[in-house]
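Colleague: Have a look at this one.
The values are calculated or read from the model by the stated rules, or taken from the named source; none is laboratory data. Since the structure is predicted, the reported quantities are computational estimates derived from the model, not experimental observations. Heads up, the Cβs are rebuilt from the backbone with ideal geometry, glycines too, and the neighbour counts pull from every protein chain shown. These area figures cover heavy atoms from the full protein model, side chains too; ligands, DNA and RNA do not enter into them. Shrake-Rupley method; radii C 1.70, N 1.55, O 1.52, S 1.80 Å.
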Amino acid sequence: MRVLGINAIFHDPAAALVVDGRVVAAAEEERFSRRKHGKRPVPFSAWELPELAAAWCLASADVDVDSLDAVAYSFDPGLCGDAADLGLADPWDWLRVDYARRAPQFLAAALPGLDPDKVRFVPHHVAHAASAGLAAPPAGDDTAVLVLDGRGEVASHLAGVYRDGRLTPLRSQQLPHSLGLLYEDLTRHLGFLHSSDEYKVMALASYGTPKHLDALRELVRATDDGGFRVEPVDWASLAKAVAPGAEPGEEHADLAASVQRRLEEVVLDLARWLHDASDGAGTLAMAGGVALNCVANARIAAEGPYRDVWVQPAAGDAGTALGAALHVAGELGDRSVPMTGADLGRGWSDEELEAELRRAALPYTRPASIAAEAARVLADNGVVAWYQGRSEYGPRALGHRSLLAHPGDRDTTRRMNDVKGREQFRPIAPMVRAERFADLFEGTYPSPYMLFVHRVKPAWRDRIPAVTHVDGTARVQTVHPDTEPLVAELLAEFERHTGLPVVVNTSLNTAGRPMVDTPREAMELFGSAPVDLLALGPFAVHRRALGGAR
Ligand SMILES: [Fe+2]
């Protein structure tokens, strides 16, 4: 079966193509449109579809529109109620629902040849659940699934269990109670862009003290039946609002720390309830925007009752395109094939990359090993733009569209944040050879998608200061040679030079822009930032060859 998944309703519009239960292509519209998050999550934009991503998914797999068995749309307007009844203060919510109802016609216009009757609505949180429960590695037993979101049609959360590829929902929490919307409100209060910058709040939280935890425990609490309550929070009584663009202060870090800590406590309660309700499922799979909170995820892994915790790398709404497609493929009789990597986006052949370099008239070489070449530059404290293979699905760079640097230099954090033009309180993260993980870090292993934080062992904190956050943690990506051979080779080469099995890895973009997707965008970034080496597939472009400073 051939099923195209579409996420379009709120933000992070994306498309995914599932063929015979396997995800063969998935991409976010922002990588094509160059508009971060694709669009703002307002009702007026709900009609906009991931047209470019959808067309690319089909073309990349050589699938014609008329040969699709179904199109899975990750929102079901038939489930929606009146916004006021849900406690949502959005007078235009009806417009979003109306656009969703007309999605089959919009899709038929965007994808000429599509029969609108092939479009199936998938409940938003069923799509999130499938992106976790059906895409996770095989567990050997039941997989509990926890969706923690801002909002879907009428709920903000889903707890259930997958048995033999079928979801049994056990509990959902109705709106307006929402852990995701709580965090979004805080994000807005702290002067950041809500539905976008929540990860900055999580980073800020590690600088604060949870002084308001008692007050938040009154307002935000799990209930005995697997749900939760979120009462309205008077944010201004806890810390004054930060104007957009202004620097948050100590009181704001304390507020962020308080909400973050309370969130962790409540999601732990929800995870424990689900473990009991699922008769002790061994694996927990998670999705929904809140599942991008790697500090909370780490606590669930460390303190929760599960043997394994797996988080969908595209845990935000983009992942619902993949989940909706897997869900419908299952309904049509296909068994889903677990994901083995997030590199589901666009890629270019070596010949195409070389043609791009020639067109740009850049001096390039083709070294015997691009991994060894990059490791030499990194060992010399250079910065490397690392562009390899297919681009990542989801918000994290995982060694395909990455900016790499030396972890042993305390100044690396400042340099990287300068290259990217972003706030200095933002941590940068390490990638580590899987076989060396336990020597350096404590916590969840493997962690191929950077969705958990780990404690850096004391003996290593001074050796890798650039990736050790102020609270002694790091957000680690483990790299296994079977799944990421080229990055594993780079890490091995870097360790040979420096004795450090770790490299700084951050996304290949500048602040406020989506990650680089095309070779041309990689060259543009290289030309506009103090990057020493562009490793474009097997080709090397050195800044010094351009007459640059290094
Ligand atoms: Fe969602």
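Colleague: Quick one: residue 145 ticks every box in (1) touching a Phe, Trp or Tyr at 6+ places or on another chain (Cβ under 7 Å); (2) within 13 Å of the ligand (Cβ to nearest atom) bar one, so which box is it?
Modeller: Tallying (1) touching a Phe, Trp or Tyr at 6+ places or on another chain (Cβ under 7 Å); (2) within 13 Å of the ligand (Cβ to nearest atom), residue 145 fails exactly one: (2).
Colleague: Could you list, in sequence order, the residues of segment 514-550 that are of a type in the set (Lys, Arg) and touching a helix residue (DSSP H, G or I) at 6+ places or on another chain (Cβ under 9 Å)?
Modeller: Kept after step one, since they are of a type in the set (Lys, Arg), are these residues of segment 514-550: 520, 543-544, 550.
Hits for segment 514-550 are 520, 543, 550.
Colleague: Collect the residues in segment 164-179 that are buried (at least 24 other Cβ atoms within 10 Å of the Cβ) and of a type outside the set (S, T, N, Q), keeping them in residue-number order.
Modeller: 179
Conditions tested, residue by residue: (1) within 19 Å of the chain's Cα centre (by Cα); (2) closer than 21 Å to residue 521 by Cβ.
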position	(1), (2)
368	no, no
390	yes, yes
394	yes, yes
405	no, yes
413	no, no
434	no, no
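Colleague: Based on what the data block shows, is residue 52 surrounded by fewer than 24 Cβ atoms within 10 Å (Cβ to Cβ) and in contact (Cβ under 8 Å) with a residue 12 or more places away in the chain?
Modeller: Yes.
Okay, residues lined up against (1) over 25 Å from the mean Cα position of the chain (by Cα); (2) under 27 Å from residue 284 (Cβ atoms):
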{"residue": "443", "(1), (2)": "no, yes"}
{"residue": "447", "(1), (2)": "no, yes"}
{"residue": "458", "(1), (2)": "yes, no"}
{"residue": "468", "(1), (2)": "no, no"}
{"residue": "471", "(1), (2)": "no, yes"}
{"residue": "528", "(1), (2)": "yes, no"}
{"residue": "539", "(1), (2)": "yes, no"}
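Colleague: Could you grab me the full set of residues in segment 300-309 that are open to solvent by less than 60 Å² (accessible area, probe 1.4 Å) and touching a helix residue (DSSP H, G or I) at 6+ places or on another chain (Cβ under 7 Å)?
Modeller: 300, 304, 305, 306, 309
Colleague: Can you tell me which residues in segment 113-132 are surrounded by 23 or more Cβ atoms within 10 Å (Cβ to Cβ) and more than 15 Å from the ligand (Cβ to nearest atom)?
Modeller: None; the set is empty.
Colleague: Okay, next question. Would a scan of segment 149-163 turn up a residue that is within 16 Å of the ligand (Cβ to nearest atom), open to solvent by 30 Å² or more (accessible area, probe 1.4 Å) and over 20 Å from residue 42 (Cβ atoms)?
Modeller: no
Colleague: Can you tell me how many residues in segment 341-366 are of a type in the set (A, V, I, L, M) and open to solvent by 40 Å² or more (accessible area, probe 1.4 Å)?
Modeller: Just the residues of segment 341-366 that are of a type in the set (A, V, I, L, M), to begin with: 342, 344, 353, 355, 357, 360-362.
After this cut, where a residue has to be open to solvent by 40 Å² or more (accessible area, probe 1.4 Å) as well, the list is 355, 360-361.
So the answer is 3.
Colleague: Based on this model, can you work out whether residue 390 counts as at pLDDT 95 or above, open to solvent by 40 Å² or more (accessible area, probe 1.4 Å), of a type in the set (Lys, Arg) and in a loop (DSSP other than H, G, I, E, B)?
Modeller: Spelling it out, residue 390 is indeed at pLDDT 95 or above, open to solvent by 40 Å² or more (accessible area, probe 1.4 Å), of a type in the set (Lys, Arg) and in a loop (DSSP other than H, G, I, E, B).
Colleague: Here is a follow-up. Has segment 317-331 got at least one residue that is of a type in the set (Val, Ile, Thr), out of contact with any Lys or Arg (no Cβ under 8 Å at 6 or more places or on another chain) and surrounded by 24 or more Cβ atoms within 10 Å (Cβ to Cβ)?
Modeller: Yes - at least one qualifying residue is present in segment 317-331.
Colleague: Let me ask another. Which of the numbered conditions does residue 23 fail, given that it passes all the others? Conditions: (1) open to solvent by 10 Å² or more (accessible area, probe 1.4 Å); (2) at pLDDT below 95.
Modeller: Evaluating residue 23 over (1) open to solvent by 10 Å² or more (accessible area, probe 1.4 Å); (2) at pLDDT below 95 leaves (2) as the failure.
Colleague: Related question: Checking the structure you have, find out if any residue of segment 188-201 is basic (Lys, Arg), crowded, with 16+ Cβ neighbours inside 10 Å and without any contact (Cβ under 8 Å) to a residue 12 or more places away in the chain.
Modeller: Checked segment 188-201: at least one residue is basic (Lys, Arg), crowded, with 16+ Cβ neighbours inside 10 Å and without any contact (Cβ under 8 Å) to a residue 12 or more places away in the chain.
Colleague: Here's another thing I want to ask about it. Look at segment 168-184 and say how many of its residues are away from the ligand (no atom under 16 Å from the Cβ) and in contact (Cβ under 8 Å) with a residue 40 or more places away in the chain. Show your work before the answer.
Modeller: Initial filter on segment 168-184 (away from the ligand (no atom under 16 Å from the Cβ)): 168, 170-171.
With in contact (Cβ under 8 Å) with a residue 40 or more places away in the chain added as a condition, the list becomes 170-171.
Number of matching residues: 2.
Colleague: Residue under question is residue 41, and the condition is that it be out of contact with any Asp or Glu (no Cβ under 8 Å at 6 or more places or on another chain) and open to solvent by 60 Å² or more (accessible area, probe 1.4 Å); does it hold?
Modeller: Here the answer is no, as residue 41 does not meet what is asked.
Colleague: Need the failing condition index for residue 340 against (1) over 30 Å from residue 226 (Cβ atoms); (2) among the β-branched types (Val, Ile, Thr); (3) modelled with pLDDT of 95 or more, just the number.
Modeller: All conditions are met except number (3).
Colleague: If you take just the strands (runs of 3 or more DSSP E) that sit entirely in segment 220-335, which of them hold at least 1 residues that are within 16 Å of the ligand (Cβ to nearest atom) and out of contact with any Cys (no Cβ under 7 Å at 6 or more places or on another chain)?
Modeller: Here the list reads 283-287, 308-311.
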